[in-house]
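The values are calculated or read from the model by the stated rules, or taken from the named source; none is laboratory data. Owing to the predicted nature of the structure, the values given are computational and were not obtained by experimental measurement. Positions of Cβ are generated from backbone atoms using ideal geometry, with glycine treated the same way; all protein chains shown enter the neighbour counts. Protein only, heavy atoms only, side chains kept; ligands, DNA and RNA dropped before computing areas. Shrake-Rupley method; radii C 1.70, N 1.55, O 1.52, S 1.80 Å.
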Amino acid sequence: MRSHHEHFRCGLVTGASAGIGAEFARQLAPFCETLVLTARRRERLVSLAEDLAEQHPDLTIHVHGADLAKDGDVDDLLKVLAKQKLIPDLVVNNAGLGDYGEFLSAEWPRIEAMLSVNVRALTRLTHALLPAMAETGGGAVLNVSSIAGDFPIPDFAVYAATKAYVTSFSEALRIEARPLGIRVMALCPGPVKTEFGDVARRDPATVVPGQGDRLLQVSKEAVVAEALAALAVGKARHYPGWKVAVSAALIGLLPIALLRFFLGCRPHRR
Ligand SMILES: NC(=O)c1ccc[n+]([C@@H]2O[C@H](COP(=O)([O-])OP(=O)(O)OC[C@H]3O[C@@H](n4cnc5c(N)ncnc54)[C@H](OP(=O)(O)O)[C@@H]3O)[C@@H](O)[C@H]2O)c1
């Protein structure tokens with residue numbers, strides 16, 4: 001896929017302290033006037049911002065520590081943006097987490113965090129920012145979903161359901177937002193080597209499906225490069241890596257009864 005050369009006035013990236021989010025910040029830096037980076041680990045954001053500032057002296061970077069599982073922190077982030085008159089023309093809703101294991105033995109705080117970060121914060125930020133974006137000439141919302149949103153996954157039930165929400169929400173919002181000059185895209189990666197697996201693992205011995213899977217794995221650099229190129233051409237949904245894209249297409253063709261049969265076998269689990 002061709003590289004993107006789109007310029008943005010102000011890009012907001014959630015979950016920019018690690019993995020795919022930090023990579024978005026790196027690849028967007030040459031093409032943004034201002035970047036707003038947020039996550040809980042503020043010190044990581046500060047060190048990323050220092051690196052980027054050195055490489056891109058014209059770039060203005062704002063760093064904001066926030067726990068997106070907390071409504072108050074989301075409100076504070078929105079207040080800071082309003083106060084500093086920062087109206088993003090690119091919102092990358094990337095922050096997210098998984099929890100791998102049976103639903104019955106899951107800890108409620110983890111389930112709640114997934115619902116709050118993957119679904120609630122993403123929806124709230126989009127809802128709060130869209131009107132000002134529309135008034136100031138439009139822009140783009142890039143929601144980081146997952147191929148896991150395309151089918152139910154036993155032992156990853158809540159995570160897959162949150163990503164089904166993200167993909168569905170993005171597809172519908174895309175149609176509503178088009179007349180406002182706002183593009184909406186769902187990015188649906190397969191396995192990517194980041195901290196995601198370590199976070200999703202309940203104990204260190206657990207193997208999170210896909211995380212060690214060399215066949216389908218795509219680097220975070222390639223995921224982000226493909227995502228920005230896909231956004232630039234107005235794609236609705238993008239599966240980075242051709243093997244992941246083919247897998248998604250095949251899964252989409254499976255009759256639900258057959259899918260249920262495969263899912264009933266359950267992925268390897270300890
Ligand atoms: N890696 C994969 O295989 C894969 C595949 C498909 C989709 N995805 C999706 O890609 C996105 C990025 O994940 P990743 O792979 O880059 O994982 P990662 O390395 O674990 O990064 C997750 C990011 O989300 C932030 N985050 C988590 N909980 C948060 C909270 N309560 N408040 C604010 N920020 C929070 C983290 O920052 P702090 O911890 O500093 O808060 C971190 O910056 C997620 O939405 C994930 O579901 C990942």
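Quick notes on this one:
- Using a probe of 1.4 angstrom and keeping all protein chains present, the accessible surface of the chain works out to 49 square angstrom per residue.
- Added length on full extension, which subtracts the Cα-Cα distance from 0.36 nm per residue, Arg260 to Asp203: 17.8 nm
- Here the chain is treated with +1 on each Lys and Arg Cβ and -1 on each Asp and Glu Cβ, and its dipole about the Cα centre works out to around 580 debye.
- Pairs of Lys residues in the chain that lie 8 or more places apart, or on two chains, and have C-alpha atoms under 28 angstrom apart add up to 17.
- The range 95-240 - percent of accessible surface contributed by carbon and sulfur, probe 1.4 Å: 60
- Close amide H contacts of Cys32 (hydrogens built in the peptide plane, cut-off under 5 Å, sequence separation of 5 or more or a different chain): Phe8.
- Highest GNM mean-square fluctuation among Gly19, Gly181, Gly139, for the chain modelled with Cα contacts below 10 Å: Gly181.
- This model, with +1 at the C-beta of Lys and Arg and -1 at the C-beta of Asp and Glu, gives the range 1-89 a dipole about its Cα centre of some 100 debye.
- Rounded to whole numbers, the Karplus 3J(HN,Hα) couplings from phi for the range 122-129 are 4, 5, 5, 4, 4, 5, 6, 8 Hz, using 6.51 cos²θ - 1.76 cosθ + 1.60 with θ = phi - 60°, and x at Gly and Pro.
- Charged-residue dipole, Cβ positions (Lys, Arg, Asp, Glu), the range 126-270 about Cα centre, Debye nearest 20: 360
- Kirkwood estimate for the range 29-101, i.e. one over the average of 1/r between Cα atoms, Å: 13.4
- When the Cα positions of Val91, Ala132, Phe8 are compared along the charge dipole of the range 1-152, Ala132 comes out farthest toward the positive end, with charges on each C-beta of Lys, Arg, Asp and Glu.
- Projecting the Cα atoms of Val144, Gly252, Leu52 onto the charge dipole of the range 8-265, computed from C-beta unit charges around the Cα centre, puts Gly252 farthest toward the positive end.
- Angstrom value of the Kirkwood radius, inverse mean 1/r, which spans all Cα pairs in the range 8-265: 18.6
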